[in-house]
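Notes for the one structure printed next.
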Amino acid sequence: MNLLEVTYQIFLLRPYFTHAGKRLVKTPKIYFSDTGMASHLTGADDWPLLDKQGNAGPMVETWIASELLKLIPLWTIA
């Protein structure tokens, strides 16, 4: 896991809670940086197959998370 994170293949989204105890207990979510690689690893080459596998929602969530991660540096400039 550490190797994948260091090589930017995955990134961890750690939970945010105001209560520090909950923050330590909750586990981070793992997202692939590239949805194409994630689709390849699931064996899906088109959208209907991805939907049939039940991975369409998580794949969209992965895409949104990676796009938001790209926008974070732009928000800190303003």
Option label - P(r) over Cα pairs in 5 Å bins from 0, in percent computed here, alternatives (1) 3, 16, 29, 29, 17, 5, 0; (2) 3, 14, 25, 22, 14, 10, 6, 3, 3, 1, 0; (3) 3, 14, 19, 19, 19, 15, 7, 4, 1: (3)
For Ser33, what residues show an amide H to amide H distance below 5 Å, using hydrogens built from the backbone and excluding near sequence neighbours? Ile10, Phe11
Measure off 7 Å from each Cα along the Cα-to-Cβ vector at Gln53 and Leu68, then give the distance between these two points in nanometres to one decimal. 2.3 nm
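Write out the trypsin sites (Lys or Arg not before Pro) in the chain meeting two conditions: DSSP loop, and at most 16 other Cβ atoms within 10 Å of their Cβ. Before the final figure, lay out each step's value.
On the way: sites: Lys22, Arg23, Lys26, Lys29, Lys52, Lys70; in loops: Lys26.
Those satisfying the criteria are Lys26.
Do any chymotrypsin sites (Phe, Trp or Tyr not before Pro) in the chain lie in a loop, going by DSSP, with at most 10 other beta-carbon atoms within 10 Å of their beta carbon, and if so which? Don't skip to the answer; put the middle values down first.
Working: sites: Tyr8, Phe11, Tyr16, Phe17, Tyr31, Phe32, Trp63, Trp75; in loops: Tyr8, Tyr16, Phe17.
In loop regions of the chain (DSSP not H, G, I, E or B), the sparsely surrounded chymotrypsin sites (Phe, Trp or Tyr not before Pro) are Tyr8, Tyr16.
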With θ set to phi - 60°, apply the Karplus curve 6.51 cos²θ - 1.76 cosθ + 1.60 along segment 26-39 and write out the HN-Hα couplings as whole Hz, x wherever there is a Gly or Pro. 5, 8, x, 8, 9, 10, 6, 6, 10, 5, x, 5, 5, 5
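Given the rule -39500 (n - 2.57) for each run of at least 4 DSSP H residues, summed and divided by the residues of the chain, what is its mean residue ellipticity at 222 nm, to the nearest 500 deg cm²/dmol?
Working: 5 runs with 48 residues, N = 78.
Counting only the DSSP helices, I get -18000 deg cm²/dmol.
At 1.4 Å probe size, put His40, His19 in order of accessible surface, largest to smallest. Provide the component values of the computation, followed by the final result.
On the way: His40 140, His19 115 Å².
Greatest to least solvent exposure: His40, His19.
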Compute the accessible area per residue over the chain, keeping the other protein chains in place, probe 1.4 Å, unit Å². 79 Å²
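For the chain, what's the relative contact order in percent, using C-alpha pairs closer than 8 Å and at least 6 residues apart? Each step should come with its number before you reach the end.
Numbers: 54 pairs, mean separation 18.3, N = 78.
Rounded, it is 24 percent for the chain.
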Determine how large the accessible area of Thr7 is when every protein chain is in place; take a 1.4 Å probe and give Å² rounded to the nearest 10. 70 Å²
J(HN,Hα) series, segment 64-72, from Karplus relation 6.51 cos²θ - 1.76 cosθ + 1.60, nearest Hz, glycine and proline x: 5, 4, 6, 5, 5, 5, 5, 7, 4
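The values are calculated or read from the model by the stated rules, or taken from the named source; none is laboratory data. Everything numeric here is computed off the predicted structure, so don't read it as measured data. No Cβ is skipped: glycine too gets one built from the backbone with ideal geometry, and neighbour counts run over all protein chains shown. In case anyone asks, the SASA skips ligands and DNA or RNA and just uses the protein heavy atoms, side chains included. Shrake-Rupley method; radii C 1.70, N 1.55, O 1.52, S 1.80 Å.
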